[in-house]
Structure formats: structure tokens, C-alpha cells
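*Asks:* I'd like to ask you about the structure that follows.
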Amino acid sequence: MTIEELQVGDTVTGIYKTGKYIGEITAIRPQHYLVKVKAVLKHPMQGDLHHPKEAEVPFFHERKALAHHEQTNIPKAMVKKYNGEIIPYEQSLRDALTTLTNELSTQQTLWAERSLENVRTLEKEYFK
């Protein structure tokens with residue numbers, strides 16, 4: 001499988017850690033694209049990335065979504081061309097957080113419980 005060569009200015013989706021975003025390529029590096037965030041498609045999971053869905057970890061991380069216009073390096077294999085609609089950042093963040101909350105609410109685990117606590121805190125911080 002070959003990686004599609006994208007260009008500066010292209011609108012793309014990118015997966016960064018456990019979040020998924022719509023953004024614009026602002027620079028091309030040997031292994032990564034520098035992507036400026038325009039919208040959130042999937043909010044990052046909460047907790048320890050090295051022990052997914054486990055609550056009994058030394059530090060249960062609160063993971064924020066990348067901010068509007070924040071730029072991040074995303075491995076080229078995690079970036080794909082995007083041609084769809086781009087909804088405003090704040091609405092996309094609300095939608096992604098609602099989706100995550102709904103998913104977590106259906107799970108009866110300590111990890112889901114702790115994740116929901118983080119999500120409630122993040123929601124207050126995001127939408128002051």
C-alpha cells in the first residue's frame with residue numbers, strides 16, 4: 001500500500017493519539033504532515049494510552065482534544081484527504097464529546113466511570 005502524497009493546503013483527516021480531526025496541511029516533513037486543526041471528529045479517549053480501558057493505572061490521564069488552529073505533527077500513514085463538510089470547531093467538539101459521553105454511558109466499568117468524570121470536567125473547561 002502506498003501513502004497518498006498530499007500537498008500543503010490540502011484538507012485532511014488525521015488521527016492523533018486517540019482523537020480524529022479535520023485540518024489543513026501547513027507543512028510536509030519526512031515522516032509527518034503538520035496539520036492545523038479545523039474540527040474534531042472523535043474526542044480522545046481518557047486514561048493511560050499504554051493501558052487502554054484500564055482504570056487501575058498509576059495516572060489516569062485527562063486527555064483534551066486538540067484546540068482550534070492548533071498545529072500538530074501527524075504520521076503520514078494517519079492522514080487522509082478529506083472532501084466533506086467542515087462544521088465549526090466548537091460544534092464539532094460538542095458533537096464529539098456527546099458521542100464519547102454516550103458511548104461511555106453504556107459501559108459498566110470503572111474505566112468508563114472515571115472517563116465520564118474527566119469528560120464532565122473537560123466539558124466545563126471547553127464551554128465556559
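Rule-based calculations on the coordinates, nothing more; no lab input. Being a predicted model, the structure only gives us computed values, none of them experimental. Cβ placement follows ideal geometry from the backbone for every residue including glycine, while neighbour counts extend to all protein chains displayed.
*Asks:* Could you work out the relative contact order of the chain? I mean the mean sequence separation of Cα pairs under 8 Å and 6+ apart, divided by the number of residues, in percent.
*Replies:* Values: 217 pairs, mean separation 32.5, N = 128.
Value for the chain: 25 percent.
*Asks:* Can you spot the lysines whose alpha carbon is less than 20 Å from Lys53's alpha carbon? Ignore those fewer than 8 places along the same chain.
*Replies:* Lys17, Lys20, Lys42, Lys64
*Asks:* Between the helical axis of 110-126 and the dominant principal axis of the chain, each derived from Cα atoms, what acute angle in degrees is found, rounded to the nearest 10?
*Replies:* Here the helix axis deviates by roughly 60 degrees.
*Asks:* Also: In degrees from 0 to 90, rounded to the nearest 10, what is the angle of the helix 89-105 Cα long axis to the longest principal axis of the chain?
*Replies:* Here the helix axis deviates by roughly 40 degrees.
*Asks:* Further question: Treating only the Cβ atoms of Lys and Arg (+1) and Asp and Glu (-1) as charged, compute the dipole magnitude of the stretch 11-126 about its Cα centre; round to the nearest 20 debye.
*Replies:* For the stretch 11-126, the charge dipole is close to 540 debye.
*Asks:* Can I ask one more? Where does each of Met45, Met78 land when they are ranked from fewest to most other beta-carbon atoms within 10 angstrom?
*Replies:* Working: Met45 20, Met78 16.
Arranged by neighbour count, lowest to highest, Met45, Met78 become Met78, Met45.
*Asks:* Order by neighbour count: Ser105, Ser115, Ser92, fewest other Cβ atoms within 10 Å first, most last. Write out the running numbers ahead of the final one.
*Replies:* Numbers: Ser105 11, Ser115 24, Ser92 21.
Neighbour counts put them in this order, fewest first: Ser105, Ser92, Ser115.
*Asks:* On to the next question. Roughly what would the spin-label model give for Lys53 and Phe127, points 7 Å off Cα along C-beta, in nm?
*Replies:* According to this spin-label approximation, the distance is 2.7 nm.
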